[in-house]
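The values are calculated or read from the model by the stated rules, or taken from the named source; none is laboratory data. For clarity, every value in this text was computed on a predicted model and none was experimentally measured. Please note: Cβ atoms are built from the backbone with ideal geometry, for glycine as well, and neighbour counts cover all protein chains shown.
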Amino acid sequence: MGRFGWMAGVVPLLYPVLVHAAVVTGSPDLRFLALAVLVVNVLGPWLVRGRVTAWGVAIVLIAAAALAVHTAGALIFFYATPVLVCIALAWFFGRTLLAGRTALITRLARAIRGPLPRPVARYTRAVTVFWCATMAVMAVVNLALAVFAPVEWWSLCTNFLNYAIVGVLFMAEWFVRQRAIGEYEDMSWRQYLTALRRVDYRTLGHG
């Protein structure tokens, strides 16, 4: 990861906090910082590798962000980001459910455990469907909040509540799994989290 590797863990956490502070206070400076962090989040994988082109693009986009803060107010970028992220995640899960492809969570389970018994394969496909539907619903809700809700409500939901919901659902799925395929489940919660950290996620997009 190099000397910029810290960005992968720290920078994503800054964005929702900065956005909330920016929209609540109306501060142009905080809006600029939030947009700059968004740029770094998007280009992060290339920035941490020291790609000169990525750094050049980042500088141009951050300069454009400085201009946007004083023209369009940057709010459209903040409103669009959670909707687009959820749509992208729904697509990422959903495309692996097409005929002839292996469901994303099935691929993840295989990366951790190797060949899967048929009940586990069926279950992991169902979990993929669940996450695809969840992301699609969240995209619609985020859009509705952006259009109809007060900006403070929108910010609290998209910048904090969304992450809490995903975390709760992630943990709830673990307990559902114990009941659905418990006879095939031999990992503790800690072992499961450790296994997830060791997966090479770059390989999951193929297959």
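Cβ-Cβ contacts under 6 Å between residues 6 or more apart (or on different chains), taken from a first residue in segment 149-161 that is in the same structural domain as MET135 (by TED's automatic domain parsing) to a second residue that is modelled with pLDDT of 95 or more, are listed as TRP154/LEU145; CYS157/LEU145; THR158/ASN142.
For segment 99-156, a tally of residues being under 30 Å from VAL23 (Cβ atoms) and assigned to a helix (DSSP H, G or I) returns 24.
In segment 75-95, the residues that are touching a residue at least 12 places away in the same chain (Cβ under 8 Å) and more than 13 Å from CYS157 (Cβ to Cβ) reach residues that are in a helix (DSSP H, G or I) and hydroxyl-bearing (Ser, Thr, Tyr) with C-beta atoms within less than 7 angstrom, at least six apart or across chains, in these pairs: PHE93/THR128. Selection within segment 16-35: residues that are under 18 Å from the mean Cα position of the chain (by Cα) and in contact (Cβ under 8 Å) with a residue 24 or more places away in the chain. The member of this set that is surrounded by the fewest Cβ atoms within 10 Å (Cβ to Cβ) is VAL17.
Run down PHE170, PHE175 and say which single residue is closer than 18 Å to CYS86 by Cα, among the aromatic types (Phe, Trp, Tyr) and surrounded by fewer than 16 Cβ atoms within 10 Å (Cβ to Cβ).
PHE170
Yes/no matrix, rows are residues, columns are (1) modelled with pLDDT under 80; (2) under 18 Å from VAL151 (Cβ atoms):
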{"residue": "VAL10", "(1), (2)": "yes, no"}
{"residue": "VAL17", "(1), (2)": "no, yes"}
{"residue": "ARG31", "(1), (2)": "no, yes"}
{"residue": "VAL37", "(1), (2)": "no, no"}
{"residue": "ARG49", "(1), (2)": "yes, no"}
{"residue": "VAL60", "(1), (2)": "no, no"}
{"residue": "LEU67", "(1), (2)": "no, no"}
